[in-house]
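Presented below is the structure to which this report refers.
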Amino acid sequence: MPAELITSAQNPKVKRLLALQKDSSLRRESGLFVVEGRRELEHCLAAGYEVDSVFVCPSLHGPDFTLQRLRTFGPIPPTAKAAGPSHSRCVGADGLWRAKSLPGNGADTRIFEVSPEVYEKVAYRGGTEGVIAEVTAKERRLEDLELPENPLIVVLEAVEKPGNLGAVLRSADAAGADAVLVCDPLTDLYNPNLIRASIGAIFTVPCVACSSEEAIAWLKARGIQILTAQLQDSSLYYDCDLKRGTALVMGTESTGLSQQWRAAATAHIRIPMLGALDSLNVSVSAAILLFEAVRQRK
């Protein structure tokens with residue numbers, strides 16, 4: 001029995017995929033989110049996420065692509081391309097391609113083949129190898145975080161732009177940060193723009209959404225110093241000891257940090273500003289502070 005080939009953007013499965021990309025309330029209600037691209041999906045699977053459905057466009061994913069490259073799919077041997085989607089090792093009783101070994105999955109993952117026209121409709125960007133997946137979300141809580149001695153943590157308060165949060169996650173991954181806390185978030189952690197901007201770092205760095213009250217209590221209970229980035233009443237960041245357990249706390253560029261965080265701080269720190277402007281993009285500030293911690297610790 002041939003696998004289902006989707007050639008119309010009006011297909012209900014395609015409509016749901018598009019809705020999941022755009023609607024945060026649907027992501028919450030369904031418990032699903034969208035991951036686009038081979039690299040992002042690899043990081044997602046390595047983090048133990050369960051994949052509900054995968055949409056592949058064979059003409060876009062390249063001659064060297066096999067789902068086995070993702071370490072959990074397949075196999076789809078080279079002869080499958082010649083044999084078509086009805087290859088017996090890939091097709092279930094209902095005629096759909098199946099992934100047999102996704103970690104933690106009690107049921108098989110459904111795999112659909114889509115035409116280039118449909119993929120162009122659902123893809124956020126080019127160069128993603130013709131792979132998009134619907135993935136089951138995980139509930140992330142502060143108490144689930146496993147921290148080493150003297151952890152390095154990034155805290156972001158009320159960051160609104162998914163691109164900024166994604167860029168901070170990339171820096172956190174590069175600096176080996178132990179966690180990112182997103183306090184009072186104005187975007188959900190499974191926003192497709194965030195996943196894209198982070199190039200999968202949302203899966204490589206433990207990231208928890210919580211309230212500022214919860215984060216402050218959690219940090220203080222663990223003896224982690226709270227360093228708030230602010231211009232007023234502050235010391236230069238490179239004069240502070242970042243070798244001990246540290247939370248680097250940053251707010252929005254427009255309003256900065258709330259008084260709640262300023263009052264809870266162990267110390268206030270600042271990046272020297274020598275030009276006419278008095279602020280940096282939050283992702284740039286995070287990178288500067290993170291790599292000062294790396295410098296001190298190494």
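The values are calculated or read from the model by the stated rules, or taken from the named source; none is laboratory data. Model, not experiment: these values are computed from the prediction. Note that we place each Cβ from the backbone using ideal geometry, even for glycine, and neighbour counts take in every protein chain shown.
Observations, loosely collected:
Results for (1) under 13 Å from residue 54 (Cα atoms); (2) modelled with pLDDT under 70, shown as yes or no for each residue.
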{"position": "96", "(1), (2)": "yes, yes"}
{"position": "102", "(1), (2)": "yes, yes"}
{"position": "108", "(1), (2)": "yes, yes"}
{"position": "115", "(1), (2)": "no, no"}
{"position": "120", "(1), (2)": "no, no"}
{"position": "133", "(1), (2)": "yes, no"}
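- Residue count, the range 210-257 (criterion: assigned to a loop (DSSP other than H, G, I, E, B), under 25 Å from the mean Cα position of the chain (by Cα) and under 18 Å from residue 297 (Cβ atoms)): 2
- Positions within the range 258-298 being of a type outside the set (Lys, Arg), in a loop (DSSP other than H, G, I, E, B) and farther than 28 Å from residue 211 by Cβ, in sequence order: 272, 273, 274, 275, 276, 277, 278
- Total residues in the range 168-193, condition farther than 20 Å from residue 280 by Cβ and under 9 Å from the mean Cα position of the chain (by Cα): 4
- Those residues of the range 7-37 which are surrounded by fewer than 19 Cβ atoms within 10 Å (Cβ to Cβ) and either under 15 Å from the mean Cα position of the chain (by Cα) or outside any helix (DSSP H, G or I) (or both), in sequence order: 7, 8, 9, 10, 11, 23, 24, 31
- Unmet requirement for residue 221, which otherwise passes all of (1) more than 18 Å from residue 24 (Cβ to Cβ); (2) buried (at least 21 other Cβ atoms within 10 Å of the Cβ): (2)
- Selection count, the range 125-159, where residues are surrounded by fewer than 18 Cβ atoms within 10 Å (Cβ to Cβ), in contact (Cβ under 8 Å) with a residue 60 or more places away in the chain and within 15 Å of the chain's Cα centre (by Cα): 4
- Hits in the range 38-57 - residues which are touching a helix residue (DSSP H, G or I) at 6+ places or on another chain (Cβ under 8 Å) and in a helix (DSSP H, G or I): 38, 40, 41, 42, 43, 44, 45, 46
- Hey, residue 41 more than 15 Å from residue 193 (Cα to Cα) and assigned by TED's automatic domain parsing to the domain that holds residue 121 or not: no
- Test for residue 168: is it modelled with pLDDT of 95 or more and either touching a strand residue (DSSP E or B) at 6+ places or on another chain (Cβ under 6 Å) or not assigned by TED's automatic domain parsing to the domain that holds residue 147 (or both): no
- For residue 253, the stated conditions do not hold, so it cannot be described as of a type in the set (Asp, Glu) and modelled with pLDDT of 95 or more.
- Within the range 268-280, no residue satisfies the criterion of being within 27 Å of residue 218 (Cβ to Cβ) and surrounded by fewer than 16 Cβ atoms within 10 Å (Cβ to Cβ).
- Single match in 225, 230, 259 (criterion: free of Cβ contacts under 8 Å to residues at least 12 places away in the same chain and farther than 26 Å from residue 23 by Cβ): 259
- Some residue of the range 135-153 being among the small types (Gly, Ala, Ser), part of a loop (DSSP other than H, G, I, E, B) and under 30 Å from residue 7 (Cα atoms): yes
- Meets criteria (surrounded by fewer than 20 Cβ atoms within 10 Å (Cβ to Cβ) and at pLDDT 90 or above) for residue 176: yes
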